[in-house]
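Below: the structure, in structure tokens.
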Amino acid sequence: MNHNQLQNFIGKLTHVQLSDTDREAVRNRLETHIMNNQPIVSTWISLFKKPAMVLAALVFIVGGVSAAAEQAVPGDPLYAVKVNVNETLMGLASLNSFSEAQNQSRITARRIAELESLAARGTLDPQVSQRLTLAISQHTQAARAHIKEVSEQGETGSALSLEIELISTLNTHSDILEKIARLSDMQASTTVTAAEELRRMAQSKAEDDVSTAVEQSGTILVRVNNERTLSPVQADKLLERTAGRLKEARTDFDNNYEIFSDTTVRDTLEELLVTSADDLDAAVDNIESGDYQAAKEHLRKALTLAHEVGIVVEVYKLYDLSSADTKDSSAPASTETATTTDEQSATSTNTETEATTTATSSDVSTNTEVSASSSVEVDATTSVATTSLQGASSVASTSGSSSTAVEDSAQSIRKTWSPDSNNYQKIERVLKRVDENLSFSTDESTGGYTSGEEEN
Amino acid sequence: MSDLNTKTEFLAVYDDHADAVYRRCLFKTSDHEVALDLMQEAFTRTWDYLAEGKEVRNVKAFVFTVANNLIKDHYKKKKSITMADMGNFDPHRIADEVENINDKVQVEEVIRALENLKEADRDILTLNLLDGFGPKEIGKIMDERENTVSVRLHRARARLRSVLKLEDNES
């Protein structure tokens, strides 16, 4: 048998082909991916062809105004710059559905932060609250529309990670707002209404949207025990994002360890990080054994918890470290403290006055800030616990059979409230394991060939 | 190759090579859904690479290389499967993907012959005789030296010939 005969013989394998349906389905998803991931160079060139964009960019770079505007809340003179200039520019950097979804989620979180800031100051009036919740709702919907696009491109793992983080953001901040409302008599009902709105948004048809898109992408899914699940490649993407978020949250927690003057808060956050790492570890086991459905549920829990910790640390940084905002936001807490210890309250007020007038009193000022905000912290401690437990419950309600496991982990958080010195190493070990698991796909899938290309 | 970073050009690449890349993934996994997933990912990553402004001289070989690495990655994750199981070649599951009964008979005939060869021989033979890659390209795809591939290719052809001769004699 000569070469041609062998070629003809093996050539019979060309009968193994894609069905027209599969070929077309993948082609459509690829086309959507291409549309949403246009070459970077040409995109930037086209952006800078527009004079208005150049002008806006110059304002952004040169002005410095936009940096100052970042702290603005509704009613501040620079708020319009924050929303109309800064956020427009943030949007320009979003070149595909994934980054569009991230950007919309980021803006959602910014509006929520404004709500919290006003609520903490006791200056959240019903009209502003209504405007902000409407904006939050609109940006949430926009984020979900982009998440749906990501899912329709077959990127179901990335879509799921975006959705989980969005839900976690809304739920966690809803709890924080409720706690702020309890601390302050001023505008408490408005704050509670806003908190309820956020909860409602979190519970809306988020899961349905993703599920529908996942269903539409049809053939890309692996079917195990007749249950829809992630494909191996998509499970990797969810794994990668979850590990990344856990790493961020762990680093953020670690870097801000000292701001948690109440050890209960600190220990709880630590425990949540460890629980997240446990779920991540279990997900890697699931992926190795090919059980992608179980991996998905573990990753959902791990990402929800890691994201919650990240948010809580962010909120604590804001209330503990900023100067004017801290004093404003802790004012209701000081008032509450005053009802029980008049002497403490008087000391606090006096020192704050000094701090605003005398630069040399910075040490005293710092101490006062801690003591003034301590009641916020103590109460928010309950918030952290409640948040995580409620978050776990909401996960349970969407994940069916895994609900018992989630409730169990929630129970174990309640019981094992004490710190564990090995926690840090444990999280490190899991993150390292994920890194090793992902190193090939992220570094070498195209890189291996690139070096070969260069040799030519 | 710079034109490849336009939608039309890249979709033309997909139209030309989708079947070949899918086949490669199917031969290595024997799982239709996984093969489809890996095939899509190979094209997606190739696009992302091009969209960053990087150049690719042989796009078909590039997509195959990405696919090959994704396949390795797929098995690396599933640690319950031993390395010996890599290239999970299941003749029945592969032939099941062929609908036309006459075509299926022909495919089964080839697969039966390939089943008697080592995985490395199957890889080299299909990449060469089915997908039209020379030793240099196969070397890049499989991360092997060109000379090594040439020697293996020569031997693999000889082994296939002997398998077919043996089958002819038996029948």
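The values are calculated or read from the model by the stated rules, or taken from the named source; none is laboratory data. Note that the coordinates shown come from a computational prediction; the quantities given were computed from them, not determined experimentally. Quick reminder, even Gly has a Cβ in these numbers, built from the backbone with ideal geometry, and neighbours come from all protein chains shown. Just the protein is used for accessible areas: all its heavy atoms, side chains included, with ligands, DNA and RNA removed. Shrake-Rupley method; radii C 1.70, N 1.55, O 1.52, S 1.80 Å.
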Check: Considering segment A:151-171 alone, what residues qualify as being modelled with pLDDT under 90 and β-branched (Val, Ile, Thr)?
Finding: A:Thr156
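Output the residues belonging to segment A:278-318 that are among the small types (Gly, Ala, Ser) and more than 18 Å from A:Glu116 (Cα to Cα). Full working, then the answer.
First, pick out the residues of segment A:278-318 that are among the small types (Gly, Ala, Ser): A:282-283, A:289-290, A:294-295, A:302, A:306, A:310.
If the condition is that a residue be among the small types (Gly, Ala, Ser) and more than 18 Å from A:Glu116 (Cα to Cα), then A:Ala282, A:Ala283, A:Ser289, A:Gly290, A:Ala294, A:Ala295, A:Ala302, A:Ala306 are the ones that fit.
Filter segment B:27-36 down to the residues that are facing another protein chain (nearest Cβ under 7 Å) and within 21 Å of B:Leu127 (Cβ to Cβ), then identify the one that is modelled with the highest pLDDT.
Among those that are facing another protein chain (nearest Cβ under 7 Å) and within 21 Å of B:Leu127 (Cβ to Cβ), it is B:Leu36.
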Next item on the list: Tell me, yes or no, whether segment A:8-27 has at least one residue that is modelled with pLDDT under 90, surrounded by 14 or more Cβ atoms within 10 Å (Cβ to Cβ) and more than 27 Å from B:Phe27 (Cβ to Cβ).
Entry: no
Notebook entry, point to check: When you go through (1) more than 12 Å from chain A (Cβ to nearest Cβ); (2) more than 22 Å from B:Val66 (Cβ to Cβ); (3) modelled with pLDDT under 90 one by one for B:Ala120, which number turns out not to apply?
Noted result: (2)
Margin query: Which residue is nearest to the chain's Cα centre (by Cα), if the candidates are limited to segment B:105-141 and must be open to solvent by 20 Å² or more (accessible area, probe 1.4 Å) and under 18 Å from B:Arg57 (Cβ atoms)?
Written below: B:Gly132
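Taking helices (runs of 4 or more DSSP H) that do not extend beyond segment B:88-142, which have at least 1 residues that are in contact with a His (Cβ under 6 Å, 6 or more places away or on another chain)?
Numbers: elements: B:91-95, B:101-115, B:119-125, B:135-142.
Once the helices (runs of 4 or more DSSP H) in segment B:88-142 are filtered for at least 1 residues that are in contact with a His (Cβ under 6 Å, 6 or more places away or on another chain), what remains is B:101-115.
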Margin query: Step by step: first the residues of segment B:143-156, then only those that are within 12 Å of another protein chain (Cβ to nearest Cβ) and part of a helix (DSSP H, G or I), then the one that is surrounded by the most Cβ atoms within 10 Å (Cβ to Cβ). Which residue is that?
Written below: B:Ala156
Next item on the list: Starting from segment A:11-22, keep only residues that are facing chain B (nearest Cβ under 7 Å) and part of a loop (DSSP other than H, G, I, E, B), then list their pairs with residues that are surrounded by fewer than 19 Cβ atoms within 10 Å (Cβ to Cβ) and at pLDDT 90 or above whose Cβ atoms are within a distance under 6 Å, requiring at least 6 positions of separation or different chains.
Entry: A:Gln17/B:Asp19; A:Leu18/B:Asp19
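Looking at this structure, is B:Ala42 in a helix (DSSP H, G or I), within 16 Å of B:Phe89 (Cα to Cα), more than 7 Å from chain A (Cβ to nearest Cβ) and open to solvent by less than 10 Å² (accessible area, probe 1.4 Å)? Before you say what the answer is, go through the steps one by one.
Details: in a helix (DSSP H, G or I): yes; within 16 Å of B:Phe89 (Cα to Cα): no; more than 7 Å from chain A (Cβ to nearest Cβ): yes; open to solvent by less than 10 Å² (accessible area, probe 1.4 Å): yes.
Against the criterion (in a helix (DSSP H, G or I), within 16 Å of B:Phe89 (Cα to Cα), more than 7 Å from chain A (Cβ to nearest Cβ) and open to solvent by less than 10 Å² (accessible area, probe 1.4 Å)), B:Ala42 does not qualify.
Go through segment A:111-122 and count every residue that is modelled with pLDDT under 85 and open to solvent by 10 Å² or more (accessible area, probe 1.4 Å).
If we filter segment A:111-122 for residues that are modelled with pLDDT under 85, which is where we start, we get A:120-122.
Filter once more, keeping what is open to solvent by 10 Å² or more (accessible area, probe 1.4 Å): A:121.
Selection size over segment A:111-122: 1.
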Margin query: Among (1) open to solvent by less than 50 Å² (accessible area, probe 1.4 Å); (2) within 11 Å of another protein chain (Cβ to nearest Cβ); (3) modelled with pLDDT under 85, there is one condition B:Phe89 misses while meeting the rest; what is its number?
Written below: (2)
Notebook entry, point to check: Restricted to segment B:45-79, and to residues that are within 7 Å of chain A (Cβ to nearest Cβ) and of a type in the set (Gly, Ala, Ser), which residue is most open to solvent (accessible area, probe 1.4 Å)?
Noted result: B:Gly53
